[in-house]
Amino acid sequence: MYFTFLSGHHSFKLKQKGMKKLILVYATISCMVLYSCDFKVGDKKSDVKVKTVTSKDNTTLNGAIIKNDIEVDATGVKVKEVYLVDADYKPLAENKARVGEKIHIVIKMDTGWVKENGKSFIGAGEKILTSSGRVVVSADDIFKEQELTGLDADDTKVISLSALITQADPGVDNFEVQFRVWDKKGAGEVRGKYYFSLKKD
């Protein structure tokens, strides 16, 4: 597997005053395009929840394979597969990660991004929220630095957005991750959300 980082990390701190305590949550977001993304689990049966979208569910996602209870919608593009992996890019059987451990959403595209001279110009944003709806970290466009140069069109067929909780007070265990990838030269867009919780040691 080969990959390249295309932006730095974004770190934020949430201070939420409750009745008697201060809740601190630290998180980071990063994004990358993957040059090679063939994940093989072997012959062992996987416990990952898999849903193949049919035209009865959503015509824009017809044929797409959606895993890990991810809620996703697409406009103007065809999505092949969406799923979660751990820090080692192994498929997640359940939506859980430890503090300090990355969780990635992988979006495999079939067709859709506009191409100009072999380049595609996409944006990617992500937001992490606590179960109470407080925003922990938000990145509006992680590919902002590539806005003028674009990215190799073949590389944008597989996109990975990561979420990382680096510190959280006891009781702050459940998170919602909202994501959006869009075409800056066309109408294509993939957006959605998923939920994960912190593992108990």
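Laboratory data are not the source of any read-out in this text; all were calculated from the coordinates shown. For clarity, every value in this text was computed on a predicted model and none was experimentally measured. We place every Cβ from the backbone using ideal geometry, glycine too, and count neighbours over all the protein chains shown.
Just list whichever of 67/115; 96/184; 127/185; 157/199; 144/193; 67/119 have alpha carbons separated by over 25 Å in the model shown.
Result: 67/115; 96/184; 157/199; 67/119 exceed 25 Å.
Of all aspartates and glutamates in the structure, the ones whose alpha carbon falls short of 12 Å from that of residue 102, not counting any fewer than 8 places away in one chain, are 86, 88. The ellipsoid that matches the Cα gyration tensor of the range 78-201 has semi-axes, each √(5λ) in whole angstrom, of 29, 15, 12, with the longest given first. Calculated FRET efficiency, residue 149 to residue 115, Cβ-Cβ distance, R0 = 22 Å: about 0.95 to the nearest 0.05.
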